[in-house]
Each structure stands twice: as structure tokens, then as C-alpha cells.
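Laboratory data are not the source of any read-out in this text; all were calculated from the coordinates shown. Please read these numbers as outputs of a predicted model, since none were measured by experiment. Cβ atoms come from the backbone with ideal geometry, glycine included; neighbour counts cover every protein chain shown.
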Amino acid sequence: MAYDDLRSFLHALDDEGQLLRITEQVRPEPDVAAAANAAARMGEAAPALYFDNIWGFTSARIAMNVHGSWANHALALGLPKQTGVEQQIREFVRRWDRFPVKPQWRDDPPWAQNSLAGADVDLFRVLPLVRLNEGDAGFYIDKAAVVSKDPDDPHDSGKQNVGVYRIQVKGRARLAVQPVPVHDIALHLSKAEARGEDLPVAIAIGNEPVIPIVAATPMRYDENEYELAGALRGEPAPVAAAPLTGLPVPWGSEVVIEGVIEGRRREIEGPFGEFTGHYSGGRRMPVIRVDRISHRTDPIFEHLYLGMPPTEIDHLIAANTCAPLYRQLKADFPEVRAVNAMYTHGLVVIVSTARRYGGFARSVGLRVLTTPHGLGYAATVIVVDEDVDPFNLPQVMWALSSKFNPAHDLITVPGSPVMELAPQADVPGVVDKLIIDATTPVSPDSRGNHGSQVHDLPEAAAWLTRLRELAANR
Ligand SMILES: [Mn+2]
């Protein structure tokens, strides 16, 4: 079943034992961030956290770590919380086959209950802002869905965009935003600036759990995120028109902030502790003038801690990165068996594939680098045989241990694009990329001295089933 807002999902998490309510009074800093940091250290079934007793605030509610474990990710997709990682990714791929599912326009969104406009706009009155890491420049909003349209083609709903971008609070009605050049919003902004215009945006905070997943999915430019949400939910995503901009925003959001990215204006934004586990420095970024805030009564601020991995983001941006990469590779190379891009948003990608002929595996690796995701992220690609499970890291390590010889199995691609946050780049935004071919050579390729490989015994699969049954009935 699908959830229409964050509140109903938090109730479901509570019923499943996947929500911890922190009722004792906590300090806004560093307790809220430190607790979320700690929750990420609780393993595969880490709970979401809910705070409603925060020192210094008369009325504040903060939800953290909502997608912070595979159990919660499964529940977000309406799957049993014990569903395994690979199974969740397979289901993600399967549901994508239903794409596109048009959103459903609904009236009377709950966020229309309250609004602040003009001189009354004050982000601090609506959001209980807390800093995350000690070196951050200030307060951040880092789990909101930012909605914008293509200024050259505003009626093409495919070209509209819903994305998660880091947003720094610069004042009561002022934000800074980071549009990474490979992301769709950067294209919208550059088109608006070429026209000498501002770019209207709506920023939706506190959403039903599929929205953050699709907003962080590396889709093609002309693919609509709400239509993927519908496919994943199994029913249309409910949306409503934001009152000032008319932009489609999630019907059930807690808070909707509207305004414009001011064309051709930049201000210092950052530093901020990023998903790479490193701070980005202060950089010149676009700024947003906030003109209107709409919000539910007693809004819940959904926030996300990130830092030294793994954190919530390594669960939120995992299946949704593996699935499109798998689909895009599979379209050109049916031999591809599985793609693991779960680590640090797929800066490392592991692909397993059958090989049609010599040199095939490295060609698959090169293709990864030119996918929409690969352009900005994939820096190292490890290609393994079709019988190596890329999600089984001991098997991947075995492939590296036994199949790989740097004399002929390393392919570097110098001067390739990567998002500016990649800490390993000498110049921000450009990096040498690497493909590691850890597959067994096939004719006419002749590398190494592999002889014959040992495979699982033919009877092992039947025995696995038998042993599992015995173990279950013990
Ligand atoms: Mn998009």
C-alpha cells in the first residue's frame, strides 16, 4: 500500500517497531544530529527518530533517519521489513517497468492550512533548524524535493524536475542552493539565465517516503519523477498546485516554500559535510528569494544527517541508483546480470556481465561512464563475471584477487566529468576514471593463466533449499 504523507508513514514505522520517539528533552545541537549519526550505526534495521521535546523551541517536531535502514526502505516501498537488499533492488527494477504512471491532481492539500507571504515570510518561524556537522556554515535543508520547470518548454511535464539539492538557510527569506551541473535543475537555471529570467521553484519538505527516493533517482532529463513515484507506489502520486508558482508539489507535504532562484546572482554557500564523508568548502552558488511559505498545522521537519558513511543517504540513494543503471546498461548489453552502485552514491560501480567476445567487459565498463548517473558520479567501475554476485563483496574481492592483473586489466579515462564534490579530483569537476576488468578473458582475448575455474557443485542449489528448510523447521 502507498502512503500519501509523511505522517501516515511515521505511524506505519511506529507500528513496525521502526520509529524511536525521543520524548526526553534534547538540545537542538548537537543532540539531534548526533542521535541521527548514532542511529546510522545501529545496522540493517536502524529506526527512524522522532523528536518533539527540543530545548529552546516551544513547538517543534523533527523526523530524522526516516530512510536510514534497509528495513525502513522496504517499508517505504510497501514491502515486508525483512526483505533483503537484492530483492528490494530487483523489485525496484520490476516496478520501473510500469513507468510512467501519471500523477493524480488533488484538491485541499493539508499544507494549504497556513501560509506566510510577503514581509511575513520567516523560515525560522516554520522550521526548527539545527546544524548537522561541526564545520557546517549554517543551517541546511537537505532532504527537500525541489520542483522546477524547463523555462523553454514549461508545458512539457516530462522536462519538469523534482530533485534533492542541498539548501543553506541564509536568512528569514533567503536560501542558497547547489545545482550540480549534471543535474536537471542546473539545466533549468542555465536556460532561465540565458533568457535573463529568474527560475521559479517550489521546495517541498516532509513527504511521503517514495518522493525522496524518486527525487534522488538519476533519471533521464525528460523523465518525470512523479510518474516514477506512481510506478513505485503502485498507484498515482497525489500532487497539488503550489499557490504562487503553480508548480506541482506533493499533495501531502508538511511545508511548501515558493520563490525564485535569482538569475545570474551567486553568493558564498558552504562549507557543508557531504555524502562523500568530506566537507565541501565555501563556493559561489545561486540564491533563492522566498516569497511564500505554506505549511500544515504543527509541521514535521524531516531532516537528514550525513557524514562518515554509512548514513541515511547510503540507504536512500542506493536501490534508486542501481535500478536505472541496470536498466540503461541492459538496454544495450543484454549480457549484464546485475549492477551494484550502493556505495557513496555510486562513485564506485560494480557490474556483473557475461562476455560475448574478448574485450567485451571493458566496453560495458566504459558504457557505465556515459550514463546520466555515470557522467557525474561513477569514478571507478569494477566489472566481474556473470557468476560473481556484485552485491556479495567477498565474491567481488575474490574476482579482484584472482582475475585481475594491472598489466592489462586497468583502463583509465583521463579528464572525465565528475561532480565537484568528489574529493579525489585534482580540479573540482574533472577526474581520471578507472575501469577494473576483473572478468575471465574469453577468446580472442588471452590474458593471465586462469586454467579451469571451480564452480559451485551442480547439486549445491538443491542442497541450499534443503538446508534452509531444515534450518527453518529446527
Ligand atoms: Mn529530472
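Listing for the model above:
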| read-out | value |
| --- | --- |
| Distance between modelled label sites at residue 472 and residue 24, nm, 7 Å Cα→Cβ extension | 4.1 nm |
| Calculated FRET efficiency for the pair residue 153/residue 464, C-beta based, R₀ 51 Å, to 0.05 | 0.45 |
| Low-density loop positions, trypsin sites (Lys or Arg not before Pro), the range 260-363 - DSSP coil, at most 14 other Cβ in 10 Å | 356 |
| Helix 184-194 axis, angle to the chain major axis (alpha carbon atoms, nearest 10°) | 60 degrees |
| 96, 398, 55, 70 arranged by Cβ crowding within 10 Å, fewest neighbours leading | 55, 398, 96, 70 |
| Inter-label distance, nm, simple model (7 Å from Cα along the C-beta direction), residue 94/residue 172 | 5.3 nm |
| Sites matching chymotrypsin sites (Phe, Trp or Tyr not before Pro) across the range 137-236 that sit in DSSP coil, with at most 14 neighbouring C-beta atoms within 10 Å | 221 |
| Percent breakdown of C-alpha pair distances by 10 Å bin, ordered from the shortest bin, for the range 1-83 | 19, 49, 27, 5, 0 |
| Spacing of the two label points (7 Å from each Cα toward its C-beta) at residue 284 and residue 14, in nm | 4.9 nm |
| Neighbour-count order for 279, 357, fewest beta carbons within 10 angstrom listed first | 357, 279 |
| CD proxy at 222 nm, helix term only [per DSSP H run n ≥ 4: -39500 (n - 2.57); per residue of the chain; nearest 500] | -7500 deg cm²/dmol |
| DSSP beta bridges in the chain [antiparallel fraction, %, rounded to 5] | 75 percent |
| The chain: angle of helix 360-369 to the longest principal axis, Cα-based, in degrees nearest 10 | 10 degrees |
| Angle between the chain longest axis and helix 6-15 axis [Cα atoms, degrees, rounded to 10] | 60 degrees |
| Where only C-alpha atoms are counted, convex hull volume of the range 282-402 per residue in Å³ | 180 Å³ |
| Segment residue 120-residue 450, length gained on full extension (0.36 nm per residue, minus Cα span) | 111.6 nm |
| Cα centre as origin, Lys/Arg/Asp/Glu Cβ charges: the chain dipole, Debye | 420 debye |
| Rotationally averaged projected area of the chain (alpha carbon convex hull; nm²) | 24.1 nm² |
| Total lysine pairs under 20 Å (Cα atoms) in the chain, excluding pairs fewer than 8 apart on one chain | 6 |
| Contour excess over end-to-end distance, with Cα ends at residue 222 and residue 112 and 0.36 nm allotted per residue | 36.7 nm |
| Footprinting exposure proxy for 29, 134 (fewest neighbouring C-beta atoms within 10 Å first) | 134, 29 |
| Positive-end residue, the chain charge dipole about Cα centroid, Cβ charges, pick of 203, 48, 301 | 203 |
| Cα-centre dipole for the range 318-438 with unit charges at Cβ (Lys and Arg positive, Asp and Glu negative), debye to 20 | 260 debye |
